[in-house]
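Report on the structure given below.
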């Protein structure tokens, strides 16, 4: 399989200057740049998801008390959501509609979750007085695992997407 | 033997038979039947009690091997046909089906009660029954008899840390098997010696193994710090509103009277903080000639003006404290301050109490309007009788919740007394007590002159509040047999981990509820045990552990699960669950869930039981009061819609339902109604040379009221005496002290002590009702034609109102839902 069209090669051989068309160069860097950034940020999101899973497990096994645990978990919630919003916006600018469509459900879920959080003066989702309720604890654990699975799949999807974009330009 | 004959004849004409026309004889008093279960217990198991019951046993022969007691609780009752299902006396709680020795040592049902006295073996069986599984506890209840163990070693299981209890099994003299995790443990040497009988080698005779409620003296292993002294801080609102209402006089007088009786020892400390738009502290140092007031006006950053002498030793500074209490009401009579800085005052109280922990009692008379934690008026008076969702049942800000969590961490319990006449956002304020294990008291429209009933109630409540037993820096752990697990807790405390509850203060008047689920099958065990252990510091600085253990049989048949249902416990647990649901989702969801609970349970019974009649609404006898109690809950202030209810009163009703012990909740939900103008001595109790008449319980419907009578309704925290228009004049004269009906005042709040026999008998009956109670109810005498009678009639739950079903309509509604 040839990487470059023969026309370009001929052009270069004639002029001995490597000329690549301008608009193709922009599409190449911006979408691939988006995917690369998304790849790095998804690694951070995976880290957050694993932190959540460990934190809820610590709560369940009585290793830590709910007040301290909520004070560590609550500041991490908004950064996670904002990172996700950030690369949704990036994909919007890069006109990657399929990727954006796949991230829409998670965005809607984040918005719903934050809207229905308990009354709190600071940022966050977790209330130390209700978090030890077994139903809520089980829900948060499940949420942690599902998000980990989603972020892992997205990681590999962005990896594939980045290579695809790099290759198909 | 002749006594049994009387019992038989009265009970056969009583509630046992489903024929309605025998009940007309019940009306008019003199009925002396006891409940059927109680009479069966007294009878020899092999005697033939009633011809009808043996026929019934053979009819239900398909159930195979069922005991007589079970046959009675499973007797099908057609609710649409039986008009009078209320037993004439309160039925005792159902007894679990255990052997006699286990039954004798089992925990008292007043302390520990389970919704199902026969535990289903698997979660699938529990789901089939459609009944909630949970426990109702009253662990720190005032007890007359409490074995206290002073032993060097407290014997506990090595793996699950359960305390040794009457339901463990001794494999031989030296080893015992835990009944919760089945681990085999060794018996320590000290345990082999029995100090009570002075014998050696009989560990199963020791008091820990003979009593299911014991108290251990805890060693220093159970202390995180040296036991704290009793520390009491009173935070008082002294704004213009507060002084107008006059509560300060009542409080100061009450505290002066009870200063000696505050629980504690020589280390007891006391302090006072007052606030309006600024916070005031009082220097009570021993040696000062009079108390010194220190004012902090910077409410955005409240600081403590001096380090000591704000919380002083009660014994040493007693004279100064008395001077302060005498002077306090007068100090603020001319105040013009209308703002209330409650948040800063609470922050100051927290800072003061941080080093030691203790109890803070907050008295508030209006919405906090200044400083941190200020609240807005959220109630819309036009929406009070809305049939749609009720808004603002949850807190507006988490300031009070965060403060409560901080206080809980420092072992400070906060009790709230709200004495306001306008909206004060109790939904937000109550959080400060809910999570710090405090109590909430509410006196709507309190005024010392215009509302003497509330004023008297406040005084009596304060007396009990100041003198009742108290435990500090407490934690409670509830353990269950392997296979059962607890998933939700209800009550005023902070859940510190999956089964550990942190209670900054523990008092004898709070109840708790927990919901359980069955994680693994209980097939290989025949007994399920539950243990509640409460570790606390007594007011005298001794560290104690109070342990209660309950044992219940495990069953594998659905019919046995229904036979062992404890309807009062089920109602209370459902009330707790409904309140949680109404705060987290909505009130209408909670109401629907309650109705669905009844529908599902009765459908499950019909689908799985041997149904004799396909028409009508059939329930087992154990559950025959279920629809009635659920209807009563739906008409409670906490959960009702369509009737004008103030938001604060609704929220307070919710707080009560979640924190009161079971008996009080049942009286609130389904009050007791008695006719007292014609009480006779038949079947009266004879106690201590006084004769206490026992009138029968009446159903809560206007049908049972009559103009010629006087009726007493016991609602737990309030009692009504309704006097009919044509009530006989002897009663009005001899008991109430007025010549005729027309001269009765409209705001009578107590029965005078007259020397007539009628009066003595009535007062004996009312005192007997009040005996088992710790807080005295407010008492109102209501005439038939005053506006106050609506408060009496709203408790008649079986009647139709413009927004709610009557009992019969509710049954039809359930039947209709069941056939969908």
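The values are calculated or read from the model by the stated rules, or taken from the named source; none is laboratory data. Predicted model, so just to flag it, every value in this text is computed and none were measured. With ideal geometry, Cβ positions are generated from the backbone for all residues, glycine too; neighbour counts draw on all protein chains shown.
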Filtered residues of the stretch B:505-517 (kept if more than 14 Å from chain A (Cβ to nearest Cβ) and touching a helix residue (DSSP H, G or I) at 6+ places or on another chain (Cβ under 7 Å)) = B:510, B:511
Only helices (runs of 4 or more DSSP H) wholly contained in the stretch B:702-820 count here; list those with 1 or more residues that are over 30 Å from residue B:685 (Cα atoms) and free of Cβ contacts under 8 Å to residues at least 60 places away in the same chain.
-> B:789-793, B:807-818
Residue pairs qualifying under the 7 Å Cβ cut-off, at least six apart or on distinct chains, with the first in the stretch B:179-201 being assigned by the TED database to the domain that holds residue B:158 and the second being in a helix (DSSP H, G or I) and surrounded by 14 or more Cβ atoms within 10 Å (Cβ to Cβ), are B:187/B:203; B:191/B:203; B:192/B:203; B:196/B:207; B:200/B:192; B:201/B:192
Does the stretch B:518-538 contain at least one residue that is within 14 Å of chain A (Cβ to nearest Cβ), part of a strand (DSSP E or B) and under 27 Å from residue B:134 (Cβ atoms)?
-> yes
Say we look at the stretch B:486-501 and pick out the residues that are at the interface with another protein chain (Cβ under 10 Å from one of its Cβ atoms) and touching a helix residue (DSSP H, G or I) at 6+ places or on another chain (Cβ under 6 Å); which of these is nearest to residue B:580 (Cα to Cα)?
-> B:487
Say whether the condition of being surrounded by fewer than 16 Cβ atoms within 10 Å (Cβ to Cβ) and not in a loop (DSSP other than H, G, I, E, B) is met by at least one residue in the stretch B:265-285.
-> no
Is it the case that residue A:82 is assigned to a helix (DSSP H, G or I), out of contact with any helix residue (DSSP H, G or I) (no Cβ under 8 Å at 6 or more places or on another chain), over 15 Å from residue A:150 (Cα atoms) and away from chain B (no Cβ under 14 Å)?
-> yes
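Let's see how each residue does on (1) without any contact (Cβ under 8 Å) to a residue 24 or more places away in the chain; (2) in contact with a helix residue (DSSP H, G or I) (Cβ under 7 Å, 6 or more places away or on another chain); (3) surrounded by fewer than 24 Cβ atoms within 10 Å (Cβ to Cβ); (4) in the same structural domain as residue B:443 (by the TED database):
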site: B:340; (1), (2), (3), (4): no, no, no, yes
site: B:355; (1), (2), (3), (4): yes, no, yes, yes
site: B:365; (1), (2), (3), (4): no, yes, no, yes
site: B:370; (1), (2), (3), (4): no, yes, yes, yes
Just one of A:118, A:123, A:128 is within 14 Å of chain B (Cβ to nearest Cβ), touching a residue at least 12 places away in the same chain (Cβ under 8 Å) and loosely packed, with under 15 Cβ neighbours inside 10 Å; which is it?
-> A:123
Does the stretch B:761-768 include one or more residues that are crowded, with 16+ Cβ neighbours inside 10 Å, modelled with pLDDT of 90 or more, within 30 Å of residue B:604 (Cα to Cα) and within 25 Å of the chain's Cα centre (by Cα)?
-> no
Within the stretch B:459-473, is there a residue that is modelled with pLDDT of 95 or more, under 21 Å from residue B:136 (Cβ atoms) and surrounded by 20 or more Cβ atoms within 10 Å (Cβ to Cβ)?
-> yes
Inside the stretch B:402-416, can you point out the residues that are surrounded by fewer than 24 Cβ atoms within 10 Å (Cβ to Cβ) and in contact with a helix residue (DSSP H, G or I) (Cβ under 8 Å, 6 or more places away or on another chain)?
-> B:403, B:405, B:406, B:409, B:410, B:415
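Residue by residue, here is whether (1) more than 23 Å from residue B:616 (Cβ to Cβ); (2) loosely packed, with under 15 Cβ neighbours inside 10 Å holds:
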| residue | (1), (2) |
| --- | --- |
| B:81 | no, yes |
| B:89 | yes, no |
| B:93 | yes, no |
| B:103 | yes, yes |
| B:117 | yes, no |
| B:120 | yes, no |
Matching residues in the stretch B:675-697 - criterion: being in contact with a helix residue (DSSP H, G or I) (Cβ under 7 Å, 6 or more places away or on another chain), surrounded by fewer than 19 Cβ atoms within 10 Å (Cβ to Cβ) and outside any strand (DSSP E or B) | none
Is at least one residue of the stretch A:98-107 under 24 Å from the mean Cα position of the chain (by Cα), crowded, with 19+ Cβ neighbours inside 10 Å and within 14 Å of another protein chain (Cβ to nearest Cβ)?
-> no
